[in-house]
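Read the structure below first, then the notes.
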Amino acid sequence: MWSLSSEEWLALRLSFQVGLGAVLVSLPAAVLVAYVLARWQSRSKWLLEVLVNLPLVLPPVVTGYLLLVCFAPSGPLGHALETWLGLRIVLTWWGAAVAAAVVSFPLMVRAIRLAFQAVDPRLEMAARSLGAGRLDAFWTVTLPLARRGVLAGCVLAFARSLGEFGATIMVAGNIVGETQTIPLAIFSNWGALGEVWRLATISVALAAAALLASEWLERRQTSRESA
Amino acid sequence: MNRLSFHCRHRFPGGFALEAALETSAQVTALFGPSGSGKTSVLYMIAGLLRPQWGVIRLGEQVWLDSNKDFHLKAEQRHVGFVFQDHLLFPHLSVQRNLMYGRRRRHGRSVAIEPSRVIEVLELGDLLARYPRNLSGGEKQRVALGRSLLSGPELLLMDEPLAALDQGLKDRIITYLERVVAEWHLPTIYVSHSAAEVRRLADRVIVLDQGHVTQSGPTDEALLENHSPR
């Protein structure tokens, strides 16, 4: 009952690959946006806030459809990526990673932003009075102090990516060994109760582990700050 | 001693308006006045950490700010040592690395302040391997002082460096401040609302009230006429 078929192993491996890919794709942008949201004092901040959180409330199928329009070989981004990098997004695991990255982006930004907000902005001032430029101060003071929150954001985004279904199936399809992640495998094997249960159990275990890890990381960040 | 000249105007979002003009070439100048009088804001403007809506700031021949020419020298290029009220040591770095943070970024500076001498004068030798969370309040403030000295400043700014310490510690740290002044002769602006501290450290006093300079002169004269708020 508990030995996985080769197709299930493929789905599991692919889910990890897509999750890692999604985290790597979104991390630089998430750090930047989180920093701006944590430090920026501007009346137009709400606009950025809305844009960032949109994937959280949009039906994933709609997110997937919009991504499909952008990344299709004839779409603006898809065309550029294919001509310049020879990279095809639609119906490849990259598509699954991009879909997962967009859907998990708000969660990652939220965790990283909280971590940046916990760092006293005057520490950056101290760094600048000691001769560090803004970027230098960010790299050597703010980011190291927020590292646990950044890691928590990555873990959270990874977990969310493992569960991504709606946007993924729109952009990447449901190809065994290429784009069929755990949720898509569950969807395809509907009816084979044993398989569905095994995959569902794995999903629950992974999600719970990731949430525990990110919670633990965020707690450590807070207790350190008060020291 | 390089002459510092400062004239800035700034209206804060809460409505508080600061317009202050001051000049000094004293060894230690105290900015004296009640809380909320704008002392700290003046210090931040000198350091380049707060950009006033209008102003001109010069140290000797160098122009740091001239809003008529839309010129604003960045904080990291002003060679100012800033000692904050609550030390602001980097919690993730050891004392040693805190001390060297500014020095590594300002090598080749003309002001030669040797780490070994700073460590000796401020008695930091036993603290080097420790982290800020394992230091007492007085130790933290000594490290912060050492850190700003080692960045090779041409001007030292201190924002009530003793305010967070209890009285016994104040007396001890003030001795260290006197040693620093005697050893390196850096022009120093010292913000305080304690007449006792000012009397002990400063040659010249500038009194601020509600965002304006109300008085300025040698310490004894200025303090005599001004009734200390505390």
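The values are calculated or read from the model by the stated rules, or taken from the named source; none is laboratory data. Remember, it's a predicted structure, so these values are computed and weren't measured experimentally. Backbone-built Cβ (ideal geometry, glycine too); neighbour counts: all protein chains shown. Note: accessible area is taken over every heavy atom of the protein model, side chains too, but ligands, DNA and RNA are not part of it. Shrake-Rupley method; radii C 1.70, N 1.55, O 1.52, S 1.80 Å.
So what does the Cα-only Debye profile of the range A:49-157 read at q = 0.11, 0.14, 0.22 Å⁻¹, as log10 I(q)/I(0), no solvent term? One equal scatterer on each Cα of the range A:49-157 leads to -0.52, -0.74, -1.04.
Using only Cα atoms, what Kirkwood radius does chain B have, in angstroms? Working shown, then result.
Numbers: mean 1/r = 0.0556 Å⁻¹.
It is 18.0 Å.
Among the residues of B:86-93, the average count of other protein chain beta-carbon atoms within 10 Å of the residue beta-carbon is 5. Here the average projected area of the convex hull drawn through the C-alpha atoms of the range B:71-140 stands at 5.8 nm².
I'd like to check one number: the per residue accessible area of chain B, probe 1.4 Å, reported in Å² as a whole number.
Averaged over the residues of chain B, the accessible area is 44 Å².
Each DSSP beta bridge with both residues in the range B:4-225 is either parallel or antiparallel, and the antiparallel ones are about 60%. In the protein assembly as shown, the inverse of the mean reciprocal separation of distinct Cα atoms equals 25.5 Å; this is its Kirkwood hydrodynamic radius.
On full extension of the chain, what length is gained from residue A:117 through residue A:48, given 0.36 nm per residue of separation minus the C-alpha to C-alpha distance? Please list the in-between numbers first.
Numbers: separation 69, 0.36 × 69 = 24.84 nm, distance 1.69 nm.
Extending this stretch completely gives an extra 23.2 nm.
Helix content alone sets the calculated 222 nm mean residue ellipticity of the protein assembly as shown: runs of n ≥ 4 DSSP H residues at -39500 (n - 2.57) each, divided across all residues, give -17000 deg cm²/dmol.
For the range B:4-225, which whole percent of the accessible surface, found with a 1.4 angstrom probe, sits on carbon and sulfur atoms? Provide the component values of the computation, followed by the final result.
Values: 4410 of 9250 Å².
With neighbouring chains kept in place, the figure for the range B:4-225 is 48 percent.
Determine, from the Cβ-Cβ distance of residue B:66 and residue A:135 and an R0 of 25 Å, the FRET efficiency 1/(1 + (r/R0)^6), rounded to the nearest 0.05. After rounding to 0.05, the efficiency reads 0.45. Taken per residue, the accessible surface of the range A:12-54 reaches 58 Å², heavy atoms only and a 1.4 Å probe.
Name the longest site-free stretch of chain A, where the excluded sites are chymotrypsin sites (Phe, Trp or Tyr not before Pro) in a DSSP loop with no more than 11 other beta-carbon atoms within 10 Å. With a cap of 11 other Cβ atoms within 10 Å, the longest stretch comes to A:41-189.
Simple spin-label estimate for residue A:77 and residue B:185 gives 6.3 nm between the two label positions (7 Å along the Cα-to-Cβ direction from each Cα).
Each 10 Å bin from zero up to the one holding the largest Cα-Cα distance in the range B:149-188 carries the following percent of pairs: 26, 52, 21, 0. Inter-chain Cβ neighbour count for B:38-51, averaged per residue, equals 1 (cutoff 10 Å, partner chain atoms only).
Per residue of peptide B:70-78, the mean number of Cβ atoms on other chains within 10 Å of the residue Cβ is 3. When all alpha carbon pairs of chain A are counted in 5 Å bins from zero, the resulting P(r) reads 1, 7, 13, 16, 16, 14, 12, 9, 6, 3, 1, 1, 0, 0 %.
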